[in-house]
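Readers should treat all values here as calculations from the given coordinates under stated rules, not as data from a laboratory. Predicted model, so just to flag it, every value in this text is computed and none were measured. Every residue, glycine among them, receives a Cβ derived from its backbone with ideal geometry; neighbour counts consider all protein chains shown.
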Amino acid sequence: MSQTRHTSDKVVLTETVSVKLRTELYIYMYEIAKEHATFAKDLDGKDMRAEIKESMISIILAYTCLEAYINTIGIDNMGEDWVRYEGSPTESRWIGISNALATKKLGKPTSVFNKKEEPFKSFLKLEEIRESLVHRKASFGEPVPTKYGNTDGTINSVNCDTAQWACTTVRDMVRTINKVIDTPPSETWIK
């Protein structure tokens, strides 16, 4: 925006000021995941359909939060190298970007996440559950015992406990990668 200022005998053109803003949607995604995990907990053992619905929302948004977060970290910290990671699977982005940032910060090749250790092990399980929900190939099966009696078993993996665990996984993944970022985003949103 240019501004013109008039004085008694001349016109002075002042500098153009440009402001850029960004809404960190990953924060809202996490808030929604936490809210719905709480809603699911309130329904625990009372209403299977509602507990599954609230848990699904929480699980899917927790994973989506992690995907949005790693994209933000990559864009903010990788410069032109971001292009290397942009189209790769989320799992690869988490490993590649975190290792690149750790190597830069520590001055030597460093691995941050291990697929067989926490919190990445939980991230992979969250990814698997998310994939099973969004790419569900529903099939009929024998009834299995659940807290609601004999059902198709969906509630055994999509429930209030899984929803809460998904939110904990977000917190642990963010805290782990933030340790290797020179100027990490605030963690107040995951407390």
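Suppose only helical runs count, i.e. DSSP H with n ≥ 4. What mean residue ellipticity at 222 nm does that imply for the chain under -39500 (n - 2.57) per run, divided by all residues and rounded to the nearest 500 deg cm²/dmol? If you can, show how the numbers build up before the last one.
On the way: 6 runs with 105 residues, N = 191.
Roughly -18500 deg cm²/dmol at 222 nm, from the helical runs in the chain.
Express the relative contact order of segment 26-190 as a whole percentage, based on alpha carbon pairs under 8 Å and six or more residues apart in sequence. Walk me through the numbers before you get to the answer.
Working: 202 pairs, mean separation 53.8, N = 165.
Reported relative contact order: 33 percent.
For the chain, set up a GNM with springs between Cα atoms under 10 Å and report which of 108, 125, 41 has the largest fluctuation.
Fluctuation is largest for 108.
Given points 7 Å out from each Cα along the Cα-Cβ axis, report the residue 86 to residue 136 separation in nanometres with one decimal.
3.4 nm
Which whole-Hz couplings ³J(HN,Hα) result when phi for each residue of segment 177-191 is put into the Karplus expression 6.51 cos²θ - 1.76 cosθ + 1.60, θ = phi - 60°, listed in order with x for Gly and Pro?
So the J values, rounded to whole Hz, are 5, 4, 5, 10, 9, 3, 10, x, x, 4, 9, 4, 6, 9, 8.
Going by a ≥ b ≥ c, the root eigenvalues of the Cα gyration tensor, does segment 1-134 fall in the rounded group (a/c under 1.5), the prolate group (a/b larger than b/c) or the oblate group?
oblate
Can you pick out the pairs among 116/147; 53/137; 105/179; 108/179; 34/191; 104/179 whose Cα atoms lie more than 19 Å from each other?
116/147
For the chain, what is the charge dipole size about the Cα centre, in debye to the nearest 20, if Lys and Arg each add +1 at the Cβ and Asp and Glu each add -1 at the Cβ?
360 debye
Using the Karplus curve 6.51 cos²θ - 1.76 cosθ + 1.60 with θ = phi - 60°, what ³J(HN,Hα) values do you get for each residue of segment 125-141, in whole Hz, with x for Gly and Pro?
5, 4, 4, 5, 5, 4, 4, 5, 7, 7, 10, 4, 10, 4, 9, 7, x
Test of understanding: ordering 130, 49 by Cβ neighbours within 10 Å, fewest first, what list do you get?
49, 130
Would you mind checking which residues have amide H under 5 Å from residue 146's amide H? H placed 1.01 Å from N; only 5 or more apart, or other chain.
Residues meeting the criterion, in which the H sits 1.01 Å from N, are 151.
What are the ³J(HN,Hα) couplings of segment 19-29, residue after residue, when phi is run through the Karplus curve with 6.51, -1.76, 1.60 and θ = phi - 60°? Round to Hz, x for glycine and proline.
Residue by residue, segment 19-29 yields 10, 10, 10, 8, 8, 7, 5, 4, 5, 5, 4 Hz.
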